[in-house]
1. Which one of these does V63 not meet: (1) touching a residue at least 40 places away in the same chain (Cβ under 8 Å); (2) under 24 Å from V13 (Cα atoms); (3) among the hydrophobic types (A, V, I, L, M, F, W, C)?
2. All but one of (1) assigned to a strand (DSSP E or B); (2) among the hydroxyl-bearing types (S, T, Y); (3) without any contact (Cβ under 8 Å) to a residue 60 or more places away in the chain hold for Y107; which doesn't?
3. Inspect segment 96-110 for any residue being of a type in the set (S, T, N, Q) and surrounded by fewer than 18 Cβ atoms within 10 Å (Cβ to Cβ) and give the result as yes or no.
4. Of all residues in segment 55-72, which are closer than 24 Å to E114 by Cα and either touching an Asp or Glu at 6+ places or on another chain (Cβ under 8 Å) or in a strand (DSSP E or B) (or both)?
5. Going by the conditions given, is I57 surrounded by 20 or more Cβ atoms within 10 Å (Cβ to Cβ) and either at pLDDT 95 or above or under 12 Å from the mean Cα position of the chain (by Cα) (or both)?
Amino acid sequence: MTDDVFSPGPDDVSQRPWGKYVVLADEPDHKVKRITVHPGARLSLQRHRRRSEHWYIIQGEAVATLGEQDFSLSTGDSIDIPRHTIHRIANPGKKDMVFIEVQRGDYFGEDDIERFEDDYGRA
């Protein structure tokens, strides 16, 4: 048995104004990220045309917006985001919120993000 445990280095981490992420898997039919969102921060209100997502909260509190509805999530909770659904995630807590994002579809590029609102001027 081999010990092929992935341990990301500094070059594997992508910094964003709301926090950071590291790609844990990037395969033809799925992509997996570990995403950290700083307290009070949120990702852009967005949608994807070519992928769905599943979020699993591993640390902290989150508010997930799907369409017009908000969902409060905490450690151990998860939520599915169907393809074409407008969505975002926010950290209302006082500590970093960390979640695992599993993307499924036929394309996972960052250019499959259609932004509607963004706190950092990227919309």
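1. Unmet condition: (1).
2. (1)
3. No, segment 96-110 contains no residue that is of a type in the set (S, T, N, Q) and surrounded by fewer than 18 Cβ atoms within 10 Å (Cβ to Cβ).
4. Residues of segment 55-72 that are closer than 24 Å to E114 by Cα, as a first pass: 55-57, 62-72.
Scanning segment 55-72 gives W55, Y56, I57, A62, V63, A64, T65, L66, Q69, D70, F71, S72.
5. So I57 fits the description; yes.
The values are calculated or read from the model by the stated rules, or taken from the named source; none is laboratory data. Keep in mind it's a predicted model, so treat the numbers as computed, not measured. Cβ coordinates were reconstructed from backbone atoms using ideal geometry, including for glycine residues, and neighbour counts include every protein chain displayed.
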